[in-house]
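This report refers to the structure that appears directly beneath it.
The values are calculated or read from the model by the stated rules, or taken from the named source; none is laboratory data. Just so it is clear, the structure is predicted and the values come from calculations on it, not from any experiment. Here the Cβ positions follow ideal geometry from the backbone for every residue, glycine too, while neighbour counts run over all protein chains shown.
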Amino acid sequence: MAVNTRVPLIAGNWKMNLDHLQAIAFVQKLAWSLKDAGHDFTSTEVAVFPPFTDLRSVQTLVAADKLPLAYGGQDVSTQESGAYTGEISAAFLAALECQYVLIGHSERRTLHNETDEVVAAKVTAALKHNLVPIICVGETAADLELHGPSAVPVAQLKAALAGVDNAADIVVAYEPVWAIGSGQAATPDQAEQVAAALRTTLAEVLGQDVADKTRILYGGSVKGVNIAGFMKEPNVDGALVGGASLDITEFSSIVRFQKHVGL
Ligand code: PEP
């Protein structure tokens, strides 16, 4: 069995919260709070996903203060440029030195009717500009009842990988829709079962080497009190955090999960 060299990633999805001025204050405080607590950013990577209008401010701050934080967009266009009102291209995100981009979040799939084909096209667009796509997959409560835990996330992942080759750097986020913002997180066992199925899918589609190096995050009502349980699971390599990423104390506690469990 391959040795796990995957660096955990804790990613904060701010959704439509914090304007650019609030973002500057928040990122400064977050970085200082983690530094003060002695957080080792090489042992657990931290990324934030602010609204598009904040990204330039976050870029300027991170560069000027040499903050060890990654950041990215919450979505990206399938298109390169042109008459696509309201869209933001992968090239624009890359120009702001984003490292990551969230793709296929369940709120995009549900509220904006994003299909698996659209998600796949966004993944291809992101990779073309050397952005690491964080591909979000997850089942609804109805899917869970009808198909069990892994079928829908696995099918979504297979579809999202349609244009991906085995040199690609990607991250997968397993986010059961029923757990997002509900306060009802999956159990670590449930998260592990689906994460293991997703890793098997990565191996089938992209090969064992890619499967071994790809980080799989869990998302859905993650908090400081439950993160350690997820991180003890062999196939869970971090978390995608919504609500709790807007609270510096809570988010810092999630980032510092190693302290809770003596890992
Ligand atoms: C999310 O929206 O990606 C998410 C995981 O939200 P929350 O942590 O609030 O459940």
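Residue check: is VAL210 out of contact with any Gly (no Cβ under 8 Å at 6 or more places or on another chain) and within 19 Å of ASP169 (Cβ to Cβ)? Taking the combined requirement at face value, the residue satisfies it.
Selection of region 44-93 for residues being part of a helix (DSSP H, G or I) and either among the acidic types (Asp, Glu) or closer than 20 Å to CYS136 by Cβ (or both) yields PHE52, ASP54, LEU55, ALA90, LEU93. Among the residues of region 61-70, is there at least one that is within 23 Å of ALA121 (Cα to Cα), of a type outside the set (A, V, I, L, M) and either at pLDDT 95 or above or crowded, with 17+ Cβ neighbours inside 10 Å (or both)? Taking every residue of region 61-70 in turn, none turns out to be within 23 Å of ALA121 (Cα to Cα), of a type outside the set (A, V, I, L, M) and either at pLDDT 95 or above or crowded, with 17+ Cβ neighbours inside 10 Å (or both).
Can you say whether ALA167 is at pLDDT 95 or above, farther than 18 Å from GLU45 by Cα and among the hydrophobic types (A, V, I, L, M, F, W, C), as far as the supplied structure shows? It is false that ALA167 is at pLDDT 95 or above, farther than 18 Å from GLU45 by Cα and among the hydrophobic types (A, V, I, L, M, F, W, C). In a residue-by-residue description of region 42-52, the property of being of a type in the set (Phe, Trp, Tyr), under 25 Å from SER253 (Cα atoms) and within 16 Å of the ligand (Cβ to nearest atom) applies to at least one position. Kindly indicate whether any position in region 140-159 is acidic (Asp, Glu) and touching a helix residue (DSSP H, G or I) at 6+ places or on another chain (Cβ under 8 Å). The answer is yes, given that some residue of region 140-159 is acidic (Asp, Glu) and touching a helix residue (DSSP H, G or I) at 6+ places or on another chain (Cβ under 8 Å). The residue pairs whose first member lies in region 127-142 and is over 14 Å from PHE49 (Cα atoms) and within 14 Å of the ligand (Cβ to nearest atom), whose second member is assigned to a loop (DSSP other than H, G, I, E, B) and among the acidic types (Asp, Glu), and whose beta carbons are closer than 6 Å, counting only pairs six or more residues apart or on different chains, are GLY138/GLU175.
Taken over region 238-263, the criterion of being away from the ligand (no atom under 16 Å from the Cβ) and either among the basic types (Lys, Arg) or part of a strand (DSSP E or B) (or both) is satisfied by ARG256, LYS259. I'd like to check something: does region 104-113 contain any residue that is among the aliphatic types (A, V, I, L, M) and more than 22 Å from GLN156 (Cβ to Cβ)? No, that holds for no residue. Taken over region 122-164, the residue count meeting the criterion of being of a type in the set (Gly, Ala, Ser), out of contact with any Phe, Trp or Tyr (no Cβ under 7 Å at 6 or more places or on another chain) and part of a loop (DSSP other than H, G, I, E, B) is 4.
Condition check ((1) surrounded by fewer than 22 Cβ atoms within 10 Å (Cβ to Cβ); (2) assigned to a loop (DSSP other than H, G, I, E, B)) across all residues:
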site	(1), (2)
ASP189	yes, no
ARG199	yes, no
VAL205	yes, no
ASP209	yes, no
GLY224	yes, yes
VAL236	no, yes
